[in-house]
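Notes for the one structure printed next.
The values are calculated or read from the model by the stated rules, or taken from the named source; none is laboratory data. Note that the structure is predicted; figures quoted are calculated from it, not measured. With ideal geometry, Cβ positions are generated from the backbone for all residues, glycine too; neighbour counts draw on all protein chains shown. Only protein heavy atoms, including side chains, enter the accessible area calculation; ligands, DNA and RNA are left aside. Shrake-Rupley method; radii C 1.70, N 1.55, O 1.52, S 1.80 Å.
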Amino acid sequence: DEEFNELCFEFGLELDEITSEKDIISKEKGEEKAKGASDTVLYKIDVPANRYDLLCLEGLVRGLQVFKERINLPRYEKIMPAQGEGQRLIITEETVQVRPHAVAAVLRNITFTKERYDSFIDLQEKLHQNICRRRALVAIGTHDLDTISGPFTYTAKAPSEIKFKPLNQSQEYTASQIMDLYRTDSHLRHYLHLVENKPLYPVIYDSNGVVLSMPPIINGDHTKISVNTRNVFIECTGTDITKAKIVLDIIVTMFSEYCEKPFSVEAAEVVYPNGKTYICPELAYRKEKVKPELINKKIGISETPSSLAKLLTRMCLKSHVTGNGNNIEIEIPPTRADIIHACDIVEDAAIAYGYNNIQMTIPKTYTIANQLPLNKLTELLRLDLAAAGFTEALTFALCSQEDIADKLGMDISATKAVRIANPKTAEFQVARTTLLPGLLKTIAANRKMPLPLKLFEISDIVVKDPNTDVGARNYRHFCAVYYNKSPGFEIIHGLLDRVMQLLEVPPNEENGYTIKATEGSAFFPGRCAEIFARGQSIGKLGVLHPDVITKFELTMPCSALEINIEPFV
């Protein structure tokens, strides 16, 4: 276990824990339920999200064997069947509205065992959750080729016209009945929304009209694979062609190991509605060139080009030195879709070299870190406001349009609020332009607490600003509210004086602060004042208007103060 843990760490993985089914069940459901569960030792290994080639035992073992230099990296090859004998998947134009893309391949003369079969199904499940984004981008279907005959048609039909026997069911259902059937299924119900509201559902038929699958929901029972299956037809349908090709490449490279001719895949032909044909899987190898000094510099090591090439070869990136040692040519296999840029290659070289073997050095530049002045001021103010008897609140930076406009008696266009293009809930539609609504909502949620309630918050607000590169700007605001049977304007006014005293701003007009009577839509007429400091307006204080109080579901008078503290940094 220790050695394996070491090996995983060196390879850039993490052995999460060593457990067994029995342990897992007893932790989750108690020891009673765990009786009779298996004691077999299980390794839980954390695989980085970009390494789809390590998501099954086959790929993981292969990767570790190559890393340990026990085997050479296998060469995956695509076998083109004789003219007219290959499998064809014809896509019709009806699919354009639902899931326009499909790819396919065949694994010939494969030998499954119980373990291999389980691993095969498990890999599909892991890919579905990960790169396929819960089947939204790609859905995988695997079928027993001997039970069907090509060419296959991928089309889309009205739900009432699709009728077949779904996987592991005893009778035939129409597509709409299937939707109702799986609405309560803990596993499949999460995928129904992908096609539920579409007028046509995607479906794949063979030449005799047998349904292979209704992606992305369920396969047909007729073509289900078992341990005895010899020839597997794999189809991936999706909305993202790049992801579909990657998924197909991963599945065929992982399991072609068990074919009669290991690491060989039979190609299939996909015919698009416009008549274009495409041979898949791609299984594309490509060459990249990287300079050894770039690798050395980025990692902070000084290895020879040939030893760098050897390190990369151990990471399944077959490499050799070219041109007097000033370049390394790297061949990227179809299993490594995560290699997009030279820095991905550098990262793999660093993993193979061993992060722990990189010498620690003191940086050439010598700097001393400092707290951001604005944050330092915020921290100092927070302590003293708490000492003044106010309780700090932290509220959401997003709120609804009503909170910052209607409820405060303003028009939304006057607030300069930044809106979210696709809000998930009505509560989070815009970025807040004032801290007051957050504090009033906090009071509304704590009406049971004994009075008076004295709250404050120092946080950022966001307003549109065409002069900045992002079109918006943050300001650090300080807001305080006092909620009691009487409005308590003098308490809020006293707090303002205390804050100014702390900021060392004297109460005079030249270089200090003054307050002048004004009107504000959220405040009671004649009970509102604007605060000026060093000649500029920094905010308002006053007694809130009864309409504002009722709109926030409060029942007592309330006074509030909100200022911008950035001028005092």
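Counted as qualifying within region 129-231 are the strands (runs of 3 or more DSSP E) with 3 or more residues that are under 30 Å from the mean Cα position of the chain (by Cα) and either in the same structural domain as N109 (by the TED database) or over 17 Å from V98 (Cα atoms) (or both), namely 138-144, 201-205.
Name the single residue that is farthest from P74 (Cα to Cα) among those in region 268-287 being part of a loop (DSSP other than H, G, I, E, B) and open to solvent by 80 Å² or more (accessible area, probe 1.4 Å).
Step one: filter region 268-287 for residues part of a loop (DSSP other than H, G, I, E, B), giving 272-276, 281-285.
Subset that is open to solvent by 80 Å² or more (accessible area, probe 1.4 Å): 274, 276.
Working: N274: 36, K276: 32 Å.
By that ranking, first place goes to N274.
Which residues, taken from region 311-330, are polar (S, T, N, Q) and under 28 Å from C8 (Cβ atoms)? Write out each step before concluding.
Just the residues of region 311-330 that are polar (S, T, N, Q), to begin with: 313, 319, 322, 324, 326-327.
Within region 311-330, T313, S319 qualify.
Elements of the type strands (runs of 3 or more DSSP E) sitting completely within region 489-569 and holding at least 3 residues that are open to solvent by 60 Å² or more (accessible area, probe 1.4 Å) and within 26 Å of E402 (Cβ to Cβ): these cover 523-533.
Say we look at region 35-44 and pick out the residues that are out of contact with any helix residue (DSSP H, G or I) (no Cβ under 6 Å at 6 or more places or on another chain) and either surrounded by fewer than 11 Cβ atoms within 10 Å (Cβ to Cβ) or among the aliphatic types (A, V, I, L, M) (or both); which of these is nearest to L317 (Cα to Cα)? So the residue we want is L42.
The rows are residues; the columns are (1) acidic (D, E); (2) free of Cβ contacts under 8 Å to residues at least 12 places away in the same chain.
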site	(1), (2)
Q97	no, no
P100	no, no
S119	no, no
I131	no, no
L137	no, no
E172	yes, yes
Y182	no, no
R189	no, yes
L192	no, no
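Residue-wise test of (1) in contact with a helix residue (DSSP H, G or I) (Cβ under 7 Å, 6 or more places away or on another chain); (2) of a type in the set (A, V, I, L, M, F, W, C).
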| site | (1), (2) |
| --- | --- |
| D465 | no, no |
| F489 | no, yes |
| G512 | no, no |
| S521 | yes, no |
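Note on region 329-374: among residues that are within 18 Å of N296 (Cβ to Cβ) and touching a strand residue (DSSP E or B) at 6+ places or on another chain (Cβ under 6 Å), the one that is surrounded by the most Cβ atoms within 10 Å (Cβ to Cβ) is I345.
Of all the criteria given as (1) of a type outside the set (S, T, Y); (2) open to solvent by 80 Å² or more (accessible area, probe 1.4 Å); (3) within 26 Å of K551 (Cα to Cα); (4) under 33 Å from the mean Cα position of the chain (by Cα), the one not satisfied by D411 is (4).
Residues in region 414-429 that are without any contact (Cβ under 8 Å) to a residue 40 or more places away in the chain and surrounded by fewer than 15 Cβ atoms within 10 Å (Cβ to Cβ): A414, R419, I420, A421, N422, P423, K424, T425, A426, E427, F428. For region 285-326, a residue qualifies if it is in contact with an Asp or Glu (Cβ under 9 Å, 6 or more places away or on another chain), within 30 Å of T253 (Cα to Cα) and polar (S, T, N, Q), and the qualifying residues are T313, S319, T322. Within the group L435, L455, L394, L439, which residue is closer than 15 Å to K551 by Cβ and touching a Ser or Thr at 6+ places or on another chain (Cβ under 8 Å)? When all the criteria are applied, what remains is L439.
I'd like to know if region 430-443 contains one or more residues that are assigned to a strand (DSSP E or B) and open to solvent by less than 50 Å² (accessible area, probe 1.4 Å). Yes, region 430-443 contains at least one residue that is assigned to a strand (DSSP E or B) and open to solvent by less than 50 Å² (accessible area, probe 1.4 Å). In the set (1) surrounded by 20 or more Cβ atoms within 10 Å (Cβ to Cβ); (2) out of contact with any strand residue (DSSP E or B) (no Cβ under 7 Å at 6 or more places or on another chain), the condition left unmet by Y117 is number (1). Which count do you get for residues in region 343-365 that are free of Cβ contacts under 8 Å to residues at least 60 places away in the same chain and more than 24 Å from the chain's Cα centre (by Cα)? Summing the residues that are free of Cβ contacts under 8 Å to residues at least 60 places away in the same chain and more than 24 Å from the chain's Cα centre (by Cα) in region 343-365 gives 14.
The residues of region 156-181 that are crowded, with 19+ Cβ neighbours inside 10 Å and of a type outside the set (A, V, I, L, M, F, W, C), listed by number, are P159, P166. Among residues of region 556-569 that are farther than 12 Å from A529 by Cβ, those with a Cβ under 9 angstrom from a residue that is among the aromatic types (F, W, Y) and not in a strand (DSSP E or B), sequence gap 6+ or separate chain, pair up as C558/F552. Of the numbered criteria (1) aliphatic (A, V, I, L, M); (2) open to solvent by 60 Å² or more (accessible area, probe 1.4 Å); (3) within 18 Å of L455 (Cβ to Cβ); (4) free of Cβ contacts under 8 Å to residues at least 40 places away in the same chain, the one L394 fails is (4).
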